[in-house]
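What follows is a set of notes on a single structure, which appears directly below.
Derivation of every value follows stated rules applied to the coordinates shown; laboratory data play no part. Source: prediction; values computed, not measured. Please note: Cβ atoms are built from the backbone with ideal geometry, for glycine as well, and neighbour counts cover all protein chains shown.
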Amino acid sequence: MCVITKEALIHNLREIRDRGWIPNARPGNPGGVGNTLEDLLGIEENNLPIPNAAEWELKCKRAASSSLTTLFHMEPSPRAIRFVPKILLPKYGWAHREAGSCYPENEMSFRQTISGLSTTDRGFAISVDRRSRKVTVSFDSSKVDVRHTEWLDSVEDRAGLNELDPQPYWGFDDLFHSAGRKLLNCFYIQADVRRVERREQFKYSNISMLQKFSLEKFIKAIEEGNVLVDFDTRTGHNHGTKFRMRQNAFPSLYAEVTII
C-alpha cells in the first residue's frame, strides 16, 4: 500500500465519481458499496493511507437507504456495574424470539433503538441534561403500549415500575472523546444504486469532506432525534451499545462541510 496525500485521495475520488456506473465488486456482500470503493482506491477496509490517517474516516453509504449509520460503540456509565447485561437485560428484558430453537429456553433479549424525540413502546427514552452535561436513559411505565402488558407485569415483579435507579448515562466529555477520536474528520460518500441484468452497479455521485467534529452539533442531533442509542443484548452475548445516526443528517455533525 502506498501512502498518498489528502489531495491525491480527493483527485482519485473525483475520477471515480466521473466514471459513472461501476459494477459491484463484492456481489452478495451488504457492504459491497463501501468495499467496491475501497477496491477502486486500492486501500484496505477503512484504512486511509494518508498522513494522520487516524484523524480521518471513510464512510460510504447507499444514497436511497433509510438504514442508520453506526457512529461508534460505547457502554453507558456507571460502567463498573455493567448496566446493560446486569440490570437492563435481567430486570427489563423479555423472552428472545428464538428461545427454545436457536437458543436455550430461558434466553432473554433487550433490543431497543431509543430516540430523544419520543418514547419507545416499552417506555424507554433518552434525554439531554445540559446542566449536568450528560445524556441519560429513562423508563416511564405509563408510556408502555398495551401490547406489552404481560411484559410490564413481569417488570413490576422484577424491578418495580419507577424510574431506572441508577439511570445509565453518557457524559458529554466521554462522548466527545469517543466520537471525536473516531469521527474527527471524514470523507462521506453516498452512492446511487441500480441493477443491470440482476447485478448491482454503483455511482459515487455525492462526495463530501467533513472536518472538525462538533460536540454541540452532536448533542443537538440527539435532541432532534437524528442520533439514536441502540441497545442489543441477549443472555448469551452483549452485542454492544451503539450510537447510530440517520445517514442524511451525518454532515450536520461537522463545523466544516466541503462538497467535492
Problem set entry | Qualifying lysines (Cα of each under 19 Å from Cα of LYS212; at least 8 residues distant if same chain) | LYS6, LYS59, LYS182, LYS220
Exercise. How far, in nm, would the chain grow between HIS148 and SER101 when pulled straight, counting 0.36 nm per residue and subtracting the alpha carbon separation?
Worked result: 14.7 nm
For this session: Could you work out which residue, out of VAL135, VAL227, VAL193, moves most in a Gaussian network model of the chain, that is, has the largest mean-square fluctuation with Cα springs under 10 Å?
Result: VAL193
Exercise. Simple spin-label model, 7 Å along Cα-to-Cβ: GLU216 to ILE10 in nm?
Worked result: 2.6
Exercise. Looking at segment 183-246, which GluC sites (Glu not before Pro) are DSSP coil and have at most 13 other C-beta atoms within 10 Å of their C-beta?
Worked result: GLU197
Problem set entry | Most fluctuating residue given options LEU41, LEU215, LEU184, as computed from a GNM of the chain linking Cα atoms under 10 Å | LEU41
Exercise. Tell me, in nm to one decimal, what length is gained between GLU55 and HIS237 on full extension, where the rule is 0.36 nm per residue of separation less the Cα-Cα distance?
Worked result: 62.4 nm
Exercise. What aspartates and glutamates sit close enough to LYS134 to cross-link, taking a C-alpha to C-alpha distance under 19 Å and skipping anything fewer than 8 places away on the same chain?
Worked result: GLU75, GLU163, ASP165, ASP173, ASP174, GLU216, GLU223, GLU224, ASP230
Exercise. Which loop-located trypsin sites (Lys or Arg not before Pro) does segment 182-225 contain, where loop means any DSSP state but H, G, I, E or B and the Cβ has at most 14 other Cβ atoms within 10 Å?
Worked result: ARG198
Exercise. Ordered by residue, what ³J(HN,Hα) values in Hz, to whole numbers, does segment 116-128 give under the Karplus form 6.51 cos²θ - 1.76 cosθ + 1.60, where θ = phi - 60° and Gly and Pro are x?
Worked result: x, 9, 8, 9, 5, 5, 10, x, 9, 8, 10, 9, 9
Problem set entry | Top of CYS60, CYS102, CYS186 by mean-square fluctuation, Gaussian network on the chain, Cα under 10 Å | CYS102
Seminar exercise, completed: On the formula 1/(1 + (r/R0)^6), with r taken between the Cβ atoms of LYS91 and ARG133 and R0 of 30 Å, the FRET efficiency rounded to 0.05 is 0.65
Exercise. Rg to Rh ratio, segment 72-172, alpha-carbon atoms and Kirkwood radius?
Worked result: 0.98
Exercise. All other residues with a Cβ under 14 Å from the Cβ of GLN211 taken together, and with Lys, Arg as +1 and Asp, Glu as -1, what is their net charge?
Worked result: +1
Seminar exercise, completed: Rounded to the nearest 500, the 222 nm mean residue ellipticity computed for the chain from DSSP H runs (n ≥ 4, each -39500 (n - 2.57)) alone is -6500 deg cm²/dmol
